[in-house]
Amino acid sequence: MVARTPQGETEGGEPSSGRDADQDPSIVDGPSSREHRVALGAAVFVENCASCHQGEGQGIEGEVPPLASSDFLNADKTRAIEIVANGLDGVVVVNGHEFASRMPALGLSDDEVANVLTYVFQQWGNSAQVVTATEVRAVRR
């Protein structure tokens, strides 16, 4: 969240739109911009996701579902948040292929979940959606 002065400026002296980027993902300036979220999400992805889903989101054939151009991922943002926040144990069908692997809950913060999903949604032919920490809090169990 960006701190604002009583004059409506951010702490860095930039004019404020009066809206919070966490509440309004269309905001593209300030430290919570889409680009900033993508950069933060990329680091979370490398640290927590790439070992299974691979660096380009292609997954591991027959074992780990792909995130790249994933019909399953792009079909339901809330479900994607639930999976990253809480883990998944069960069969999923992604791009016509069945996967029965387990994804543990990774213990990520709301901001980390939002940023990593925003990153993944911007990559590899996905739907370019933005996920906010507010959305994650609403979904988290």
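Taking neighbour Cβ counts within 10 Å as the exposure measure, how do Arg141, Arg34 sort from fewest upward?
Arranged by neighbour count, lowest to highest, Arg141, Arg34 become Arg141, Arg34.
On full extension of the chain, what length is gained from Asp89 through Ala128, given 0.36 nm per residue of separation minus the C-alpha to C-alpha distance?
11.4 nm
Arrange the peptides 48-56, 61-69 so that the one whose residues have, on average, the most other Cβ atoms within 10 Å appears first.
Details: 48-56: 15.0, 61-69: 17.3.
Per-residue mean Cβ counts within 10 Å order the peptides as 61-69, 48-56.
Give, rounded to the nearest 20 debye, the magnitude of the charge dipole that region 34-139 has about its Cα centre when Lys and Arg contribute +1 at Cβ and Asp and Glu contribute -1 at Cβ.
Dipole about the Cα centre, nearest 20: 220 debye.
FYI, it's all coordinate maths here, none of it is from the lab. Keep in mind it's a predicted model, so treat the numbers as computed, not measured. Here the Cβ is made from the backbone with ideal geometry for all residues, glycine too, and neighbour counts use every protein chain on show.
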